[in-house]
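The values are calculated or read from the model by the stated rules, or taken from the named source; none is laboratory data. Everything numeric here is computed off the predicted structure, so don't read it as measured data. In this analysis, Cβ positions are derived from the backbone assuming ideal geometry, glycine residues included, and neighbour counts consider all displayed protein chains.
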Amino acid sequence: VVQRRSAEQERQFRAQSPQPIRIVISTEDLTTSSQYCSAAGQSRPDFRGTGGTLTCGADDVLTTTKRTLLTNTIIPAALARLQAHINVNRFTSNLVTSGSCSDMTVPASHSSTGVANADYVLYVAAGPIS
């Protein structure tokens, strides 16, 4: 993540009291068919940062039920726990990412205009594991 602040922004940042971290979730790779397994035998990214791929097994298939469980239950519960335990000095401007995150899909706006009201962006994917 690349975030540049002016001297005034830096002063304001340091004067803040820590607050719960604001985490924004990007789930584009859960809806982009080339990024997840929809059937056994497909080749999909391994999301290990090497550009490698793995062959999908039957257990790797991202069903509607799995996607719903992940997006509606698991991720919100994890976020709630993290936000309850991590306090940060919040960004006062948009969080601008480097635009590069290995095999993950990073929306172009994240590296141009940035992400509003965020201290951290979590990119979520579901791929084969072995």
(message) So residue 122 ticks every box in (1) within 30 Å of residue 16 (Cβ to Cβ); (2) in contact with a helix residue (DSSP H, G or I) (Cβ under 6 Å, 6 or more places away or on another chain) but one. Which box is left unticked?
(response) (2)
(message) Within segment 78-130, take every residue that is surrounded by fewer than 13 Cβ atoms within 10 Å (Cβ to Cβ) and among the β-branched types (Val, Ile, Thr) and give me the one that is modelled with the highest pLDDT.
(response) 113
(message) I want to confirm something. Restricting to segment 21-53 and keeping residues that are assigned to a loop (DSSP other than H, G, I, E, B) and in contact (Cβ under 8 Å) with a residue 60 or more places away in the chain, which single residue is nearest to residue 100 (Cα to Cα)?
(response) 47
(request) Only residues that are more than 13 Å from residue 90 (Cα to Cα) and part of a loop (DSSP other than H, G, I, E, B): list them for segment 105-121, please. (result) 105, 106, 107, 112, 113, 114
(request) Any residue in segment 56-82 that's of a type in the set (S, T, N, Q): show its pairings with residues that are surrounded by 12 or more Cβ atoms within 10 Å (Cβ to Cβ) at Cβ separation under 7 Å, as long as the two are six or more apart or on different chains. (result) 71/27; 71/30
(request) Among what's in segment 54-90 and is part of a loop (DSSP other than H, G, I, E, B) and in contact with a strand residue (DSSP E or B) (Cβ under 9 Å, 6 or more places away or on another chain), pick the residue that is nearest to residue 130 (Cα to Cα). (result) 56
(message) So in segment 2-28, with the set limited to residues that are surrounded by 11 or more Cβ atoms within 10 Å (Cβ to Cβ), modelled with pLDDT of 65 or more and charged (D, E, K, R), which one is farthest from residue 121 (Cα to Cα)?
(response) 10
